[in-house]
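Every number in this text was worked out from the coordinates using simple rules, so none of it is lab data. These figures come from a predicted structure and were not determined experimentally. Cβ: placed from backbone, ideal geometry, glycine included. Neighbour counts: every protein chain shown.
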Amino acid sequence: MDPILDYEWLLTRRHFLEMASTGVGVAALATLFNEDLGAQALARPQEAPGLPGLPHFAPKAKRVIYLFQSGAPSQHELFDYKPSLARLSGTDLPPSVRGDQRLTTMTAAQQNLPIVPSVYEFSQYGQSQAWISELMPYTAAIADDLCFIKSMHTEAINHDPGITFFQTGAQLAGRPSIGAWLSYGLGSMNQDLPTFVAMVSIGSGNGGQPLYDRLWGSGFLPTEHQGVKFLPTGDPVLFLSNPPGVDENTRRRFLDDLATLNQQTRDDFGDPETSTRIAQYEMAYRMQTSVPELTDLSDEPDSTFERYGPDSRRPGSFARNCLLARRLAERDVRFIQLFHRGWDQHTRLPSGIRNQARDVDQPQAALVTDLKERGLLDDTLVVWGGEFGRSVYCQGRFTEEVYGRDHHPRCFTIWMAGGGVQPGMSYGETDDFSYNIVRNPVHVHDLHATVLHLLGVDHTKLTYQFQGRDFRLTDVAGEVVRGVLA
């Protein structure tokens, strides 16, 4: 983790290789480097462990599936039931409730902030009696498998810093994403697939906020830890196929020779990114077989597609990506991130959120059920949520049927399942307006600390030195939310 020490280690290693040309040196080299494997052996270890000493303690989860809902789903219409708002419809939000909350430029100039209750019905489900909207009937059916956190909060009030904060622990771009941290700390469980996979789908209504590759990037960590984006059409991964006229044997010989040249460069200059380049070429070669097999769903029975819904046959849909997430989990991919765009409903929210909920409701419930039936939910942590919540007041012209909601970072709802989380519970509580938290607040750093804890990682000890400072995913904050642990 210290470039100077790393370079000094390389000098020592090079000295050893140069001196070990006869006698015991030859025997040692034959043991270390199986001569029959050549350069391929240098780039493809049988195991890819993470840092020494990790995990710090016995993990509850081995892998994570993060269903990120980009654009900020409204907690009012989905999970945070506030029946008392019905009698306050159209009245101004009391100043005592708003306090000193900063508003976005989209509503800061409004003369009034009229309260708008949800038009959707809520009911209680399961033994846990969780309140869930009529928009999520399939999710309601698995209520007893879910842990709702209704007291999430963040500082970010706009989309890009908000999404960046959830992915990297910082509002400014440049930090490693959570999947990259896990790849760096815990290593890979499958040498034929990436440790970290990202997939993006677009909602039925509109594309919503743009998403950038840096959201699954490695930041200042070695680039081998960045997420690999799977595409809905063509090659699942860019440039996966061999160019015309290049067969498998030619590609293998080319990579072996290239690895030898890159290893010489590594030895001469000590740049760790050269090792990353070797490893990534080898991963790409292995993925030429593993990824097509993964994404070929012809071995899935019709019952699977019926469970995940009709969109599961459409490449690039959230439903299809949920099915691929289950297949990735079966193959021990460490971190699987699904981004679903289109939740940014500033106007005409009732119709927009209905479409978005229909996109995700059946497949996300199918994913949790599928994992549970296959014995994978116990050691797979599933996380669902967006970058912030939605305001209780209406943005723009108020009517009871057609309304919109502005951004609201003070409180919102996410849910988790499996992987050591206590099922069938709701944690935290908001006031009667779902505007302020009144019990058990959970910050973004707390969520990250909890995810790492469930994977056996002490968030204060997973660090990387960059520009003279030890960085970590949770920066200088974060507490494990022990109230949600099983």
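Using only Cα atoms, figure out Rg for the range 162-310 and give it as a multiple of 2.2 N^0.38 Å. Mind dumping the intermediate values first?
Numbers: Rg = 18.0 Å, N = 149, 2.2 N^0.38 = 14.7 Å.
Ratio of Cα Rg to 2.2 N^0.38 Å: 1.22.
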### Query
What's log10 of I(q)/I(0) for the range 290-369 at q = 0.14, 0.16, 0.23 Å⁻¹, Debye sum over Cα points only, no solvent?
-0.50, -0.63, -1.10
### Task
Can you quote the Å³ per residue value for the convex hull of the Cα atoms in the chain, rounded to an integer?
156
### Query
What is the spin-label model distance, in nm, from Asp92 to Asn242 if the labels are put 7 Å beyond Cα along the C-beta direction?
7.3
### Query
Sorted by mean Cβ packing within 10 Å, highest first, what order do the peptides 314-327, 79-92, 341-354 take?
314-327, 341-354, 79-92
### Query
If one takes the longest principal axis of the Cα atoms in the chain, at what angle in degrees, from 0 to 90 and to the nearest 10, does the Cα axis of helix 349-373 lie?
50
#### Entry: Total lysine pairs under 20 Å (Cα atoms) in the chain, excluding pairs fewer than 8 apart on one chain
5
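Give me the percent relative contact order of the range 188-262, please, defined on Cα pairs under 8 angstrom at least 6 residues apart.
24
More than 19 angstrom separation, counting every C-alpha pair in the range 356-411; what % is that?
Of all Cα-Cα pairs in the range 356-411, 54 percent lie more than 19 Å apart.
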### Message
With equal scatterers on the alpha carbons only and no solvent term, can you work out the Debye log10 of I(q)/I(0) for the range 66-208 at 0.18 1/Å?
### Response
-1.34
#### Entry: Computed [θ] at 222 nm, deg cm²/dmol, the chain (DSSP H ≥ 4; -39,500 (n - 2.57); rounded to nearest 500)
-10500 deg cm²/dmol
### Packing-based ranking, highest mean first, of 471-477, 60-66, 181-187, 124-130 given that Cβ atoms within 10 Å are counted
181-187, 60-66, 471-477, 124-130
## Note on the structure
With Cα coordinates, the longest principal axis of the chain makes an angle with the long axis of helix 159-168, in degrees rounded to 10, of 50
### Query
Peptides 381-393, 437-449, 167-179: what's the order by average Cβ count within 10 Å, highest mean first?
381-393, 167-179, 437-449
